[in-house]
Ligand SMILES: [Fe+2]
């Protein structure tokens with residue numbers, strides 16, 4: 001279960017309307033490298049992590065990403081809340097207005113709607129953690145692109161902070177990935193130290209319901 005704290009994880013107080021920036025920022029809300037996808041991906045993947053440590057990490061980071069969704073929602077809302085219809089039309093947000101008025105809707109910067117394909121879950125802890133590490137690096141890169149596109153310090157501050165969190169998340173996922181990788185190699189050595197094949201340790205995968213089978217590395 002979740003308990004909600006009525007404050008943002010990092011303060012957002014944007015005073016200047018900027019529809020262009022709202023249009024770009026939406027990709028970190030509902031785009032392929034965005035916070036909504038990250039939150040749901042990690043909370044989904046946690047079920048098939050092989051131990052409590054993995055489940056806890058995916059749960060913690062997934063929960064934090066939900067807090068980042070809330071920050072992005074607040075930023076986009078503040079950037080466009082005072083816009084006139086004419087300004088929305090000039091910024092190319094008339095199509096958004098037609099369907100959503102000034103409500104938020106998760107898309108990428110080109111208007112492509114959020115899709116569950118962004119979950120990218122395989123059920124294999126090493127594959128999923130590789131996806132997660134890549135996702136954090138991609139999110140960091142997109143935040144850097146977004147920072148390049150504005151000179152408003154009220155926008156840059158939260159973006160810098162969000163960028164920093166992606167770096168921390170990447171490091172945590174990498175630690176877990178390396179720990180699991182080591183466990184798998186240990187399992188392989190116990191079975192046959194000379195074998196070129198890596199045998200997955202059955203006990204490693206049992207909690208998630210997987211069978212042991214040989215895998216080439
Ligand atoms: Fe993250």
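Suppose R0 equals 30 Å; then what is the FRET efficiency for residue 161 and residue 130 from their Cβ-Cβ distance, rounded to the nearest 0.05?
Values: r = 26 Å, r/R0 = 0.86.
For residue 161 and residue 130, the calculated efficiency is 0.70.
So for the stretch 19-215, averaging the separation of alpha carbon pairs under 8 Å that are six or more residues apart and normalising by length, what relative contact order in percent results? Walk me through the numbers on the way to the answer.
Numbers: 244 pairs, mean separation 48.5, N = 197.
Relative contact order here is 25 percent.
The angle between the Cα long axis of helix 153-191 and the main principal axis of the chain comes to about 10°, on a 0 to 90 degree scale.
On the basis of the beta-carbon distance and an R0 of 35 Å, residue 145 and residue 56 show a calculated FRET efficiency of 0.65.
Take each peptide in 28-34, 63-69, count the other Cβ atoms within 10 Å of every residue, and average; sorted highest first, the result is 28-34, 63-69.
Starting with the highest mean, order 162-169, 106-113 by the number of other Cβ atoms within 10 Å, averaged over the residues of each peptide. Walk me through the intermediate numbers first.
On the way: 162-169: 18.4, 106-113: 15.2.
Highest mean packing first, the order is 162-169, 106-113.
How tilted is helix 125-148 with respect to the longest principal axis of the chain? Cα atoms for both, answer in degrees (0 to 90, nearest 10). Roughly 30 degrees between the two axes. Angle of helix 52-80 to the longest C-alpha principal axis of the chain, folded into 0 to 90 degrees and rounded to 10: 10°.
FRET efficiency for residue 99 and residue 20, Cβ-Cβ distance as r, R0 = 25 Å, nearest 0.05?
Numbers: r = 20 Å, r/R0 = 0.79.
It comes to 0.80.
Of 179, 133, 47, which has the largest mean-square fluctuation in a 10 Å C-alpha GNM of the chain? Fluctuation is largest for 179.
In terms of Cα atoms, the Rg and Dmax of the stretch 19-215 work out to 20.3, 72 Å.
The GNM of the chain, with springs linking C-alpha atoms under 10 angstrom apart, assigns the highest mean-square fluctuation among 124, 82, 151 to 151.
No value in this document is a laboratory result; all are computed from the given coordinates. These figures come from a predicted structure and were not determined experimentally. Quick reminder, even Gly has a Cβ in these numbers, built from the backbone with ideal geometry, and neighbours come from all protein chains shown.
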